[in-house]
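Participant: The structure that follows is given in the form of structure tokens.
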Amino acid sequence: MSTRAQIAIQTGPDEWAHVYVHYDGYPAHMLPALSRWTPEDILAASEIRQVRADEIEGFENPHDPPIFPRPTREFCHLYIWQGGAWADITPDTP
């Protein structure tokens, strides 16, 4: 089973690109895996099968990331670049 996620990257005052991640989107994997990568690296991938510490595995024919006016969670987890590091901003569920 896949744990899908999004990575939201601010590209303008009211513009956030949302990069899709298909596999291993849970925080215990994503936060260490993302720590090596910059927002520019993620944006260059456009659409991601899996983020690993040694590689960003992208789709062969990626779609451009959708743009929203703010970070918006559509899948299990949402990550943003905050204060020079990646952060999980997925709200706790009761």
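Participant: Taking the DSSP beta bridges in the stretch 5-89 as the whole, what percent of them are antiparallel, to the nearest 5?
Facilitator: Restricted to the stretch 5-89, the bridges split so that about 75 percent are antiparallel.
Participant: So, one more: Could you rank Asp24, Asp14 by how accessible they are, 1.4 Å probe, largest area first?
Facilitator: Working: Asp24 45, Asp14 115 Å².
Highest to lowest solvent-accessible surface, that is Asp14, Asp24.
Participant: Additional query: When ligands, DNA and RNA are left out and all protein chains stay put, how many square angstrom of accessible area per residue does the chain have with a 1.4 Å probe?
Facilitator: 59 Å²
Participant: Still on this model: Considering only protein heavy atoms and a 1.4 Å probe, what is the carbon-and-sulfur percentage of the accessible area of the chain?
Facilitator: Roughly 50 percent, rounded to a whole number.
Participant: Towards the positive end of the charge dipole of the chain, with charges on Cβ (+1 Lys, Arg; -1 Asp, Glu), say which of Ile67, Ala53, Ala87 has the farthest Cα.
Facilitator: The listed residue farthest towards the positive side: Ala87.
Participant: Considering Cα pairs under 8 angstrom that are at least six residues apart, work out the relative contact order of the stretch 5-89 and quote it in whole percent.
Facilitator: Reported as a whole number, the value is 37 percent.
Participant: Give the Debye-formula value of log10 I(q)/I(0) at each listed q (0.13, 0.14, 0.17, 0.23 Å⁻¹), with one equal scatterer per alpha carbon of the chain, two decimals each.
Facilitator: The computed values of log10 I(q)/I(0) come out as -0.37, -0.43, -0.64, -1.24.
The values are calculated or read from the model by the stated rules, or taken from the named source; none is laboratory data. These numbers were taken from a predicted model, which means no experiment stands behind them. Counting neighbours? That spans all protein chains shown, and the Cβs are built from the backbone with ideal geometry, glycine included. Note: accessible area is taken over every heavy atom of the protein model, side chains too, but ligands, DNA and RNA are not part of it. Shrake-Rupley method; radii C 1.70, N 1.55, O 1.52, S 1.80 Å.
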